[in-house]
Amino acid sequence: MRDLRSAAKLHARNGSVRGHRGTWWVGCLFCIGSFSCASTEAAIAPPTPSPAPPVFSSISTGNSVLLLPGPAPRSFPSTLSDIGSVSNAVCASCHAEVAAEWEGSLHKKSWQNGYFSRSYAAEPQEACRACHAPEGDPDREPTHDAQRAGVGCITCHLTPEGIVGTRSLPAAKGGHAVVANPLLSTPSACAACHTFPFLDDPAQHGPMQQDTIAEHLRSPAADKPCQTCHMPTVQTGRSSHRDHTFQVQGNAAMLKGAVAVEDVHLETNVLRMTVRPADIGHAFPTGDVFRRAEMRAWPINSGGQPIGSVSTHVIARTFGVHKGPGGTLAREVVSDTRIVDRRTIQLTLPAGTKRAAWQIVWQRLPPELANQLGVTIPNQESIVTEGLVSE
Ligand code: HEC
Ligand code: HEC
Ligand code: HEC
Ligand code: HEC
Ligand code: HEC
C-alpha cells in the first residue's frame with residue numbers, strides 16, 4: 001500500500017514537472033489541460049516551478065531502488081551484450097506473440113490514434129509527448145520511431161539495469177538476462193502514467209485529471225492488481241503468457257462485466273435501477289476526463305417498439321472553477337456520478353408507461369463534443385448492459 005501511494009505521489013511530482021511549462025492556458029478544443037473553454041490566460045495564476053524530474057519513476061524498497069515504467073524523459077542502453085542493438089522491433093523478433101498483441105493495442109497507438117492526434121493538434125504540449133510518446137525526447141516533436149512505438153516494450157521493460165521482468169533469469173541460450181522487479185506485477189507498473197494532476201495545476205490544489213490508481217486503492221477490488229484484469233494469462237499450446245493487448249475499447253466482454261444491475265422496476269412514471277461495480281477495479285468509467293456512460297430508458301409497446309422519448313442519466317465527472325485564496329482560480333469537481341458503490345438511479349418516464357427498455361452505454365467522448373467537432377471516433381459507444389422491464 002505504501003509503495004503504491006508513494007508511486008502516485010512520485011508521479012504527481014514527475015507529472016507536475018512535465019506540465020509546468022506554459023500550460024496554464026490552451027486554445028481549447030478538447031480542454032484536456034485547461035480549466036474550461038471559457039477560461040482566459042490572465043485569470044489563472046501561473047503554477048510554481050517544480051524540481052527537476054527523476055529520469056525514471058522509482059520506488060525505494062529499503063535496500064534498493066526499483067525503476068518503474070513511466071513518462072519520458074527516459075534513458076536506456078542502446079545496446080545490450082546479450083541481444084545487441086535494442087529496439088521494439090528487436091524485442092518483437094523473439095517475443096512474437098506478445099508483440100502481435102501489443103501491435104493492436106492503444107499503448108502502441110498512443111501517439112498515432114486519430115483521437116489523440118486531433119486533441120494534440122489543439123494542445124501540443126510537452127507533457128502530452130512525455131506520456132503518449134515516452135520513447136522520445138519530450139522537448140521536441142517525437143521522431144518517427146517514437147511516434148510508432150507509442151508506449152512500447154522498451155518503455156515498460158528497459159531500464160539502465162537492462163531488461164526487467166517479474167523474476168530474474170540468467171542469460172539463456174538465444175535469450176538475455178532478466179532483472180527482477182516484482183513491482184512489475186503491481187499497480188506501481190502503471191501508476192506513473194495512469195494517475196496525474198491537471199497540467200495547469202501541478203501543485204495539485206484541485207482534483208486529479210486521471211486518478212485510476214487512487215480509485216483502485218478505494219475500490220472493493222483493491223487487492224487485485226491491474227494486471228489481473230488488464231493482462232490476463234493467455235494459454236497458447238503448452239506455453240502461456242500475459243496478454244499485452246490491454247484492450248478496453250471495443251472489448252464488449254470486459255465492458256459488460258464492469259457493472260452489475262441488481263434490480264430494475266417500473267413504478268407509475270419512474271424507472272428505478274440499482275447498480276453496483278462488478279468485475280472492475282476502479283470507478284466506472286475511469287481514465288480520460290471525457291470518458292462517460294449514459295443510462296437510458298424509453299417506453300415501448302408490447303411489440304417492443306419505442307413509443308416515447310428517451311430519458312437519460314449521465315454517469316461522469318464534471319469540473320468547474322471557483323475563486324481560491326488571493327482571487328486565483330481553482331478547479332473543482334462539480335459532480336461525480338460515476339459508479340463506485342451500490343447506487344439507485346431514477347429515470348422519469350411518461351405517466352402510465354407499462355413497459356420500458358433500458359441501457360447502460362460507455363462513451364469514449366461526449367456525443368455533443370464529437371458532433372461539434374464533426375469527428376467520427378472508432379468505438380465511440382459500447383453497450384454495457386441492457387434489458388426490458390414491465391410494470
Ligand atoms: C534473441 C531473442 C530475444 C530477444 C531479442 C529478446 N528476448 Fe526477451 N527473452 C528471450 C528468451 C528466450 C527469454 C526466456 C524466457 C522465455 O522463453 O520467454 C526471454 C525472456 C524475457 C522476459 C522475461 C520472461 C519471463 O518469463 O519472466 C522479458 C520481460 C523479456 N524477455 C523482454 C524482452 C524485451 C523487452 C526485449 C527487447 C528489449 C527482449 N526481451 C528481447 C528472447 C529474446
Ligand atoms: C504498458 C507496459 C508494457 C508494455 C508496453 C509491454 N509490457 Fe511486457 N509486461 C508488462 C508487465 C506489467 C508484465 C508483467 C505482468 C505480470 O506478470 O504481472 C509484462 C510481462 C512480459 C513478459 C513476461 C512473460 C509473460 O508472462 O508474458 C514478456 C516476455 C514481455 N512482457 C515482453 C514484452 C514485449 C516483447 C513487449 C513489446 C512488444 C512488451 N512486453 C510490452 C508490461 C508491459
Ligand atoms: C508510459 C506510460 C504508460 C504506462 C507505464 C502504462 N500506460 Fe496504459 N496507457 C497509456 C496511454 C498514453 C494510454 C492511452 C492510449 C490512447 O488511447 O491514446 C494508455 C491506455 C491504457 C488502457 C486503455 C486501453 C483501451 O483499449 O481503452 C488501459 C486499459 C491501460 N492503459 C492499462 C495499463 C496498465 C494496466 C498498465 C500497467 C501494467 C499501464 N497501462 C501502463 C500510458 C501508459
Ligand atoms: C477487477 C478488474 C479490474 C481491475 C483490477 C482494474 N481494472 Fe481497469 N477496467 C476494468 C473494466 C471492466 C474497465 C471498463 C470500464 C471502464 O472504462 O471503467 C476498465 C477500464 C480501464 C481503463 C479505461 C480505458 C478507457 O479506454 O477509458 C483504464 C485506463 C484502466 N482500466 C486502467 C486500470 C489500472 C491502471 C488499474 C490498476 C490500478 C486497473 N485498471 C484495475 C477492470 C479492471
Ligand atoms: C501523465 C501521463 C499523461 C499525460 C501528461 C497526458 N496523457 Fe493523455 N492519456 C494518458 C492515459 C494514461 C490515457 C488513457 C486513459 C483512458 O484510456 O481512459 C490518456 C488518454 C488520452 C486521450 C484519449 C485517447 C483515446 O484513445 O480515446 C486523449 C485524446 C489524450 N489522452 C490526449 C492528451 C493530450 C492532448 C495531452 C496533453 C495536453 C495528454 N493527453 C497528456 C496519459 C497522459
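What relative contact order, as a whole-number percentage, does the stretch 252-390 give when Cα pairs under 8 Å and 6 or more residues apart are counted? Could the numbers behind the result be given before it?
Details: 298 pairs, mean separation 42.1, N = 139.
Result for the stretch 252-390 is 30 percent.
Calculated from DSSP H runs of 4 or more alone, at -39500 (n - 2.57) each and per residue, what is the 222 nm mean residue ellipticity of the chain, nearest 500? Mind dumping the intermediate values first?
Details: 12 runs with 91 residues, N = 391.
Value at 222 nm, helices only: -6000 deg cm²/dmol.
Within a 10 angstrom radius of the beta carbon, how do Leu169, Leu329 rank from fewest other beta carbons to most?
On the way: Leu169 13, Leu329 18.
In increasing order of surrounding Cβ atoms, one gets Leu169, Leu329.
Treat each spin label as a single point 7 Å out from the Cα along the C-beta direction, and report the Glu391 to Ala221 distance in nm.
Rounded to a tenth, the inter-label distance reads 3.9 nm.
How high is the relative contact order of the chain, in percent, with contacts defined as C-alpha pairs under 8 Å that are six or more residues apart? Don't skip to the answer; put the middle values down first.
Details: 790 pairs, mean separation 60.0, N = 391.
Across the chain, relative contact order equals 15 percent.
How large is the Kirkwood hydrodynamic radius of the chain, in angstrom, based on all distinct alpha carbon pairs? Each step should come with its number before you reach the end.
Numbers: mean 1/r = 0.0438 Å⁻¹.
Here the Kirkwood hydrodynamic radius works out to 22.8 Å.
Residue separation times 0.36 nm, minus the C-alpha to C-alpha distance between Ser85 and Ala172: what's the value?
Details: separation 87, 0.36 × 87 = 31.32 nm, distance 1.76 nm.
Fully extending the segment from Ser85 to Ala172 adds 29.6 nm.
The numbers here are math on the coordinates, done by the rules we state, and not lab data. Just so we're clear, the structure is a prediction, and the values are computed from it rather than from any experiment. Here Cβ is always computed from backbone atoms with ideal geometry, including for glycine, and neighbour counts include all displayed protein chains.
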